[in-house]
Amino acid sequence: MNANIGYLLGAMRDATVDFRKGKNYEVKISQKNKQWLQLIQSIFNKEFGKEGRITRHMKGYWILRINDKQLVTKIIEISGIKIPQENWGTPEDIRNCSDKETITSYIRGFFDAEGGLPRKIDIDSQKYIIFSQKNKESLEFIRKKLQEIKIEPTNLTRCGGVWEFRITKKKCIIEFIEVIGSFHQDKVEKFKILMGILLP
């Protein structure tokens, strides 16, 4: 377990894994942002020696597919991924991890996959960072880890069929951006705008 794999396990919240014995072994991640998929692809290649390929989907999405039995078996082993993802909690290796950098990377990857910000960050009156996910335990874990570094999230609430919490306090938003941050280009750009608004 290291920071790269920690990030990957968080980012896998955007993934589907197809494991059909003797038939198909595939990891698939869909995204509008090709650069982010290229980052994920590079992590797979560095850590597992497999990079797959990225193709354009007709609906405007990019799709990273990696077909490899050994890789898929390993990913299932370390992630504990379950389908549907509503049943997938925090990976055991992450729960038991004491390395702060790896945990930070996991939260960053999770945010890049399932987190969000207001669409029009420069004009929306409310400024916040949001985590949303169908699996409650996975958010409880992240919320607890954020509290440990003095970032104060709101309570978990159920909204539109998913669980969510927000970070709304100015000092906590700034702390999140500085400590956790993002590797997703769209979110990085929004963070830059948000910091320009929040800092004098």
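Answer with yes or no whether residue 111 is buried (at least 16 other Cβ atoms within 10 Å of the Cβ) and touching a residue at least 60 places away in the same chain (Cβ under 8 Å). Against the criterion (buried (at least 16 other Cβ atoms within 10 Å of the Cβ) and touching a residue at least 60 places away in the same chain (Cβ under 8 Å)), residue 111 qualifies. Of everything in region 133-165, what is in contact (Cβ under 8 Å) with a residue 12 or more places away in the chain, of a type in the set (D, E, K, R) and more than 19 Å from residue 11 (Cα to Cα)? Give them in sequence order. Passing the criteria: 150, 152. Taking the listed residues 63, 43, 76, the one that is outside the structural domain of residue 111 (by TED's automatic domain parsing) and touching a residue at least 40 places away in the same chain (Cβ under 8 Å) is 76, with no other qualifying.
Scanning region 164-185 for residues that are of a type in the set (Asp, Glu) and surrounded by 15 or more Cβ atoms within 10 Å (Cβ to Cβ) turns up 164, 175. Only a single criterion out of (1) touching a strand residue (DSSP E or B) at 6+ places or on another chain (Cβ under 7 Å); (2) over 27 Å from residue 43 (Cα atoms) is not satisfied by residue 116, namely (2). Applying the condition of being surrounded by 22 or more Cβ atoms within 10 Å (Cβ to Cβ) and in contact (Cβ under 8 Å) with a residue 40 or more places away in the chain to region 114-132 and asking which residue is nearest to the chain's Cα centre (by Cα) yields 114.
The values are calculated or read from the model by the stated rules, or taken from the named source; none is laboratory data. Everything numeric in this text was worked out from a predicted model, so none of it was measured. Heads up, the Cβs are rebuilt from the backbone with ideal geometry, glycines too, and the neighbour counts pull from every protein chain shown.
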